[in-house]
Amino acid sequence: MDRDHDINATYEGGVLRPDEPLAIPDHARVRITVHEAARTSNGTGPTRIDPTPEQRAAAAAALERLSQRGVIDVGMLPTRDQLYDRV
């Protein structure tokens, strides 16, 4: 490993166990900075969702439909009346 990498690992029985194999030789010295991950409701740690381009397009289309119906105003700053629920 010739540069910095972020990895996910589980601390178990006094040992950090990486979620994936590391591309470093045995007995290599490394420096570790530990940041405890927030736990989800099922206790497994953080969940990252990386939407596909199709999912992003579908979400954008849904926002546009809501905007056209007047439910939300996409792309414009709210007016003072909207901010203070005077509409």
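7 Å from Cα along Cα→Cβ at both A9 and R31: what's the point-to-point distance in nm?
1.5 nm
Compute the length gained on full extension between R65 and A23: take 0.36 nm times their separation in residues and subtract their Cα-Cα distance, giving the result in nm to one decimal.
10.5 nm
Coordinate-derived values only; no laboratory data. No experiment lies behind these values; they were computed from the predicted model shown. In this analysis, Cβ positions are derived from the backbone assuming ideal geometry, glycine residues included, and neighbour counts consider all displayed protein chains.
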